[in-house]
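Let me begin by presenting the structure, written as structure tokens, before commenting on it.
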Amino acid sequence: MFRYLPEQASTFASDVDWLHHWITDLSVFFTVAIFGAAILFAIIWRRKDGKHHPTPRILGDHTLEVIWTVVPTIICIFIAVEGIRIYKDIRTPPKNTLDINVTAQQFGWEFEYSNGKKTNNFTTIPVGQPIKYILRSKDVLHSFFVPAMRVKSDALASMYTYVWFNPIKTGEYQGFCTEYCGSGHSGMLFKVNVVSPAEYDRWLNDDSKEMMMAKMPPEDKGRELYTSKNCVTCHSIDGSAKVGPSFAKLWNRKEVLVDGSEVLVDENYLEESILYPAKKIVKGYGPLMPAYEGQLTQDEIKYLIAFIKTLEKGSLAPAPVAATATAAAAPIDLSKMTPAERGKNHYQTKLCVTCHSADGSKIIGPSFKGLYGKNGKFTDGSAYVADDAYIQGAIWEPQAQVVEGYPVPSPMPSYKGQLSESEIADIVEYIKTLK
Ligand code: CUA
């Protein structure tokens, strides 16, 4: 009866669900029995002859009293004992956990692995391995909740807390912030990606994204920070107003502040608004942004400003052309490579990597991981299969059809003339390796 709990993806799930269902079924049983009896008796012993019948004097029944005292007592003790047993399990991590540090912040989650790898709003873990997330908040109270794993804990600014679980099957599971923490609370989501141990090792040691970051021009680093530091939650780049003003056409414009004064959007204003957002609030907006003082370096602010400058005309900056990146890279002999290796090289040098991850995380466009052969829908509702022809079309004419859930028009520039048919075939081979 009433089986409504989410998918069971950790070893806790069957215990938690079993007890939960048992208590629910028991409650339903007694509710129906008690109200059913009351209604039934009212019908059976209703006054039928119109005469008044005095209530007989009933002096109690020891057998009955013993039954209705002892039976519920046993049931309640059983529930308590089982509850404590399961709770103790959930609160007692084994010694061999894989520890991942989690930092919550308005409005996003940062995961840091033992080798220094960091991800945002996305965590990859190996199946069958006990995982411990050590939680901390940078600002207000948040709460880390992964329903499929049956774990939840507050994240506080004043102390460390943790959750642990042992994932039992691969897949992608939704995580939530489940403590109201401000205007962006409902968007404070993350994904838990459970993969095979081999896949996890590959993912953990894949630093292609970091390498690319180091070689990127400032505005592209800024674009990456825009996503990873969660600016994207409140500031659009297409001109639409979210919680804060859009970054589109922001640069060099005059903003009217709540006190009626005007300010020119230049480097100093942007830096001040990032570090101390409460100082100058734009008319029509609330003082909702957390201060980024101590959270962004001078360089990072510079990159963000460079990115905002590229949005001066309102349109998204064209993706940087390959030339800059290839020049910096060491000479590579493509002829000695397999098609998939060449594809990976194009993926990095042609900067697909800026917007399409290889690890399943969502940057700006869909991830390449698991893309090949996937079925999906476009924004107009029509279906597609991600085969060779689809991928070539999407690279040459990205505006033609946009995948459901991604911005229209697509911010991706056309790669017609920049990637040949054979280069695209290499990229397809590379994508096929990203299962
Ligand atoms: Cu963070 Cu709600």
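Every number in this text was worked out from the coordinates using simple rules, so none of it is lab data. Small disclaimer: the values here were computed from a predicted structure and weren't measured. In this analysis, Cβ positions are derived from the backbone assuming ideal geometry, glycine residues included, and neighbour counts consider all displayed protein chains.
Close amide H pairs (under 5 Å, H built 1.01 Å from N) link Val151 with Val146, residues at least 5 positions away or on another chain.
Count the net charge of all other residues whose Cβ sits under 15 Å from the Cβ of Val428, scoring Lys and Arg as +1 and Asp and Glu as -1. Once all neighbours under 15 Å are counted, the net charge is 0. Membrane-span-like helices of the chain, defined as complete DSSP H segments with a Cα extent of 18 Å or more along the helix axis and a mean Kyte hydropathy of at least 0.5, are identified as 11-44, 62-91.
In order along region 98-103, the phi-based Karplus estimate (6.51 cos²θ - 1.76 cosθ + 1.60, θ = phi - 60°) of 3J(HN,Hα) comes to 8, 8, 10, 7, 10, 10 Hz; Gly and Pro are listed as x.
Note on the chain: antiparallel DSSP beta bridges, both residues inside, total approximately 75 percent of the bridges counted. Rounded to the nearest 500, the 222 nm mean residue ellipticity of the chain from helices alone is -11500 deg cm²/dmol, with -39,500 (n - 2.57) taken per DSSP H run of at least 4 residues. For region 351-381, trypsin sites (Lys or Arg not before Pro) are listed when DSSP marks them as loop and at most 15 other Cβ atoms sit within 10 Å of their Cβ; the list is Lys374. Take every DSSP beta bridge whose two residues both sit in region 98-206; close to 70 percent of them are antiparallel. Remark: the Glu421-Phe78 segment gains 116.7 nm on full extension, using 0.36 nm per residue and subtracting the alpha carbon distance.
When you filter the trypsin sites (Lys or Arg not before Pro) in region 50-117 for DSSP loop state and at most 10 other Cβ atoms inside 10 Å of their Cβ, you are left with Lys51, Arg57, Lys95. The length gained by stretching the chain between Glu267 and Ala383 to full extension, at 0.36 nm per residue less their Cα-Cα distance, is 37.3 nm.
Build a GNM of the chain with springs between Cα atoms under 10 Å: which of Gly175, Gly83, Gly343 gets the top mean-square fluctuation? Evaluated over the chain, the most mobile residue of the options is Gly83. Taking amide H positions as modeled 1.01 Å from N, with prolines and chain starts lacking one, the residues under 5 Å from Lys369 and 5 or more places away or on another chain are Asp359, Gly360. Under a 5 Å amide H cut-off, with hydrogens placed 1.01 Å from N, Lys191 pairs with Phe122, Thr123, Gly175 among residues at least 5 apart or on other chains.
Full-extension gain between Glu341 and Thr24, please, as 0.36 nm times their residue separation minus the C-alpha to C-alpha distance. Residue separation times 0.36 nm, minus the Cα-Cα distance, leaves 108.6 nm.
Tell me which chymotrypsin sites (Phe, Trp or Tyr not before Pro) from region 40-106 have a DSSP coil assignment and no more than 15 other beta carbons within 10 Å of their own. For chymotrypsin sites (Phe, Trp or Tyr not before Pro) across region 40-106 that sit outside H, G, I, E and B with at most 15 neighbouring Cβ atoms in 10 Å, the list reads Trp45. Distance between the 7 Å Cα→Cβ label points at Tyr87 and Lys118: 3.7 nm. Distance from the alpha carbon centroid of region 123-166 to that of region 177-228 works out to 17 angstrom. The separation of region 67-91 from region 347-368, counted between C-alpha centres, amounts to 51 Å.
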